Amino acid sequence: MKKKTVLFASCLLGTLAFSSCEKNLYDESKQPEKELQMKDLDIPADFQWKLTQVSETTVSSTIPTPTIVSFFLDEACSEEEKLATIPVYAETSSLPLSIPTYAKTLYAQYKNGSGAMIKATMPINPDGSFSLSINDNNNTTSRAVTRGHDIEDDIDYDKWEGVIYHPKNGWGTIMFEDQFPSLGDYDFNDFVVNYKVQFEVGKQKGNDYKSKQIVIGLRLKAVGGIFPYSPYLKLKEIKKHEAEVEMINAKTRKPLEVKYVDNKKNYLIIDCSELIKNLPKGESQYFNTERGALVSTNDLPEIIITIDLNVAKEVEEILEDDKFDLYLKRNDDGTEIHMNGIEPVGYKYPFKDSNLLPVYESDGDEEDDNYYFSKERLIWGLRVPGNVAHAVEKANFLKAYPGFWKWATSSGKNEQNWYGQGNADKSLLIYN
Ligand SMILES: [Ca+2]
Ligand SMILES: [Ca+2]
């Protein structure tokens, strides 16, 4: 862009003959364009690199008995794109859902009083909110439902029978660059993990939906870095003593030992290094980032963590980005890498590093949102609400996903579905 402006300006100056100006332009077009690099991007100062938002949503029903409603991101209402299946009661309740920023419409499916399947389309407001009101105007049906109401009402209000998915019923992906505090090469494949969270939810009259059991699936997709990093999961809204935790190998269903990380604030932090044990790397020094040493989807290590809470918690508290903190810690020197805006657990953050965004202002106030931002506002960890293909070793991520730089430089306003809109360069990506 800049070069064009310069050429245009020199034409206007009139010091060059028209023909020579044209020649310059011609020569310019013959030069191979310099490949855009992550560090060249002009990232707006307010950009937080978020691809989901937690919606403030209300659901209500005029039917006295609870109606089971499923919410989807796609019009076809496919299982992979399901966000929740929950009972909606005859009162207005707020329902927290984590919604990709690209989504403009949500779809709901439920059976009305007479048993017919209803499909509702709900526009999502710019702040992520939407509302669903279930109305049953069929008199015959209403009477039939009312008759059963007295018996069923009390039972259903205490049942734990809904599920809220995060980011959806299908996988989400967390990708890391592993050279913190230095900028990496931004192939964004140095550590790649799929995640999937299910909140078992219930609701008592007058309250919001709460969860007593949380089931988390984690699957290792790639390790395209050589530093000895291990993955950990911190759940900021849950203290260690508030939960019973079990972990199993998803393939063999065999129980695994649950190891915790002690920390001053007593957060529940679970050691997930089981994921990187005995990785089958083949001829490669990496795991699943080189064409000659690809790993089949069935062979990706996968664990399931089940968290039973002593006391039910509101789902919204756990959904927010910094409350589900999957992070890396280096086994040798303790370096931690978190998503931007998250404070490390035990690692001494390099506050004085001038290549990082200052966390403390000159008056000593802490800008805690500034953790893990480079001075250019680049990041080391990115969470995507879909099963994103990762780049092959040393590939330029901006080439693999042409929409990515437009998303980042527009502060997340454009190309919000850069990872799922089908214009990716498949030759640079690995699909599992
Ligand atoms: Ca890298
Ligand atoms: Ca790499």
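The values are calculated or read from the model by the stated rules, or taken from the named source; none is laboratory data. Predicted model, so just to flag it, every value in this text is computed and none were measured. Please note: Cβ atoms are built from the backbone with ideal geometry, for glycine as well, and neighbour counts cover all protein chains shown.
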Item to check | Within the range 240-258, considering residues that are surrounded by fewer than 13 Cβ atoms within 10 Å (Cβ to Cβ) and part of a strand (DSSP E or B), the one farthest from ligand 1 (Cβ to nearest atom) | outcome: GLU244
Next on the checklist: Can you report the number of residues in the range 268-279 which are surrounded by 13 or more Cβ atoms within 10 Å (Cβ to Cβ) and either modelled with pLDDT under 95 or outside the structural domain of THR252 (by TED's automatic domain parsing) (or both)?
Outcome noted: 1
Checklist entry - Within the range 157-224, which strands (runs of 3 or more DSSP E) (wholly inside it) include 2 or more residues that are within 16 Å of ligand 2 (Cβ to nearest atom)? => result 172-176, 191-202, 210-222
Next on the checklist: Name the single residue that is surrounded by the fewest Cβ atoms within 10 Å (Cβ to Cβ) among those in the range 171-190 being within 14 Å of ligand 1 (Cβ to nearest atom), under 19 Å from ASP321 (Cα atoms) and not aliphatic (A, V, I, L, M).
Outcome noted: GLU177
Item to check | Number of positions in the range 291-324 that are within 26 Å of ALA395 (Cα to Cα) and polar (S, T, N, Q) | outcome: 3
Checklist outcome for this item: Every listed condition ((1) within 16 Å of ligand 2 (Cβ to nearest atom); (2) more than 17 Å from the chain's Cα centre (by Cα); (3) free of Cβ contacts under 8 Å to residues at least 60 places away in the same chain) holds for PHE373 save (1)
Next on the checklist: Here is a list: TYR347, TYR372. Which entry is farther than 26 Å from TYR102 by Cβ, modelled with pLDDT of 95 or more and in a loop (DSSP other than H, G, I, E, B)?
Outcome noted: TYR347
Item to check | Leading residue by the ranking (surrounded by the fewest Cβ atoms within 10 Å (Cβ to Cβ)) among those in the range 288-303 that are of a type outside the set (Val, Ile, Thr) and assigned to a loop (DSSP other than H, G, I, E, B) | outcome: SER296
Item to check | Tally of residues being under 20 Å from VAL261 (Cα atoms) and part of a strand (DSSP E or B) across the range 311-333 | outcome: 7
